[in-house]
Amino acid sequence: MNTPETSRVRDVVYETFALEGRAPSVAELARRTESTTTAVQRMLHELADAHALVLNLDGDAVRMAHPFSAAPMAFVVTPLDGRDDRRWWGGCAWDSFGISAALDLEVRIDTTCPRCGAHLAFHTGPDTPPSAELAVRFPRPARQWWDDVVGTCTMIRLFCNRSHAEHWTRDNAPSSDHYIADASTVWRLALPWYGDRLQPAYEPHSREHNQQLLDDCGLTGAFWQLP
């Protein structure tokens, strides 16, 4: 994956998400990287195989470039600055905090509590943690995240509080191997996990590096062991 050509394709994907809230098409990537659609398609698959981004089911378009999503999901992230009219889909609670971290931007996050349907809207940013009362439910252990990464992201949801997350689990997934974390912990994890994602010299984190980030946030034990 780590060739100048694939790195450039990856960079254009992230630049487009950051500036426009969307994924570039294969044809656009070919034009902007002075390549061919065939070569770009090959490089996108190489990037997907390396977990640098996620393709759609047909394999012909970018579905996600974490923390950004090309399709509507449960979170909307908007800048607090009213003069900045960008909008992003957050794939999950963690990714929504990650968008703020990657862009170094104070944002508003809008979502809905799966338990009660309440509209949750709050301000957060690199220096502004979310309310400690909010809770995030992770639906499966870390070793399984990439078995179905879009499905995993879809179910990393934000709840009004821990009690709502526990009640939702009891009613909908009582036998699941899950974890409920304070939103402030997930926010703290998102800062180093995603904070360098848009830097020009970005290099993918090693498994050991990311495992240490989890450990530093107190996310330890078998559930949090990366593959």
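Every read-out reported here was derived from the displayed coordinates using simple, explicitly stated rules and does not represent laboratory data. This one's a predicted model, so the numbers in the text were calculated from it and none came from an experiment. Glycine gets a Cβ as well: all are built from the backbone with ideal geometry, and neighbour counts include every protein chain shown.
Here is a check on your reading of the model: is residue 168 in a helix (DSSP H, G or I), out of contact with any Gly (no Cβ under 6 Å at 6 or more places or on another chain) and under 15 Å from residue 98 (Cβ atoms)? Walk me through how you get there before you give the answer.
Values: in a helix (DSSP H, G or I): yes; out of contact with any Gly (no Cβ under 6 Å at 6 or more places or on another chain): yes; under 15 Å from residue 98 (Cβ atoms): no.
Taking the combined requirement at face value, the residue does not satisfy it.
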Going by what's in this entry, would residue 112 be described as touching a Leu at 6+ places or on another chain (Cβ under 9 Å) and among the hydroxyl-bearing types (Ser, Thr, Tyr)? yes
With the structure loaded, tell me whether residue 117 is touching a His at 6+ places or on another chain (Cβ under 8 Å) and not hydrophobic (A, V, I, L, M, F, W, C) or whether it fails that test. no
Picked from the stretch 23-38 (must be surrounded by 15 or more Cβ atoms within 10 Å (Cβ to Cβ) and outside any helix (DSSP H, G or I)), the residue farthest from the chain's Cα centre (by Cα) is 35
Checking residue 199 against (1) part of a loop (DSSP other than H, G, I, E, B); (2) surrounded by 14 or more Cβ atoms within 10 Å (Cβ to Cβ); (3) free of Cβ contacts under 8 Å to residues at least 24 places away in the same chain, the condition it does not meet: (2)
Listed by first then second residue, the pairs whose first member lies in the stretch 25-38 and is more than 23 Å from residue 71 (Cα to Cα), whose partner is among the acidic types (Asp, Glu), with beta carbons under 8 Å and at least 6 positions apart or on separate chains, are 33/5; 35/5
Tally, over the stretch 86-120, of residues that are free of Cβ contacts under 8 Å to residues at least 12 places away in the same chain and assigned to a helix (DSSP H, G or I): 0
Only one of (1) within 20 Å of residue 199 (Cβ to Cβ); (2) surrounded by 15 or more Cβ atoms within 10 Å (Cβ to Cβ) does not apply to residue 19, and that is (2)
Only unsatisfied item for residue 64, checking (1) surrounded by fewer than 18 Cβ atoms within 10 Å (Cβ to Cβ); (2) in contact (Cβ under 8 Å) with a residue 60 or more places away in the chain, is (1)
Do you know which residues across the stretch 202-222 are buried (at least 16 other Cβ atoms within 10 Å of the Cβ) and outside any loop (DSSP other than H, G, I, E, B)? 210, 211, 213, 214
Given the structure, is residue 213 within 19 Å of residue 95 (Cα to Cα) and out of contact with any Ser or Thr (no Cβ under 8 Å at 6 or more places or on another chain)? yes
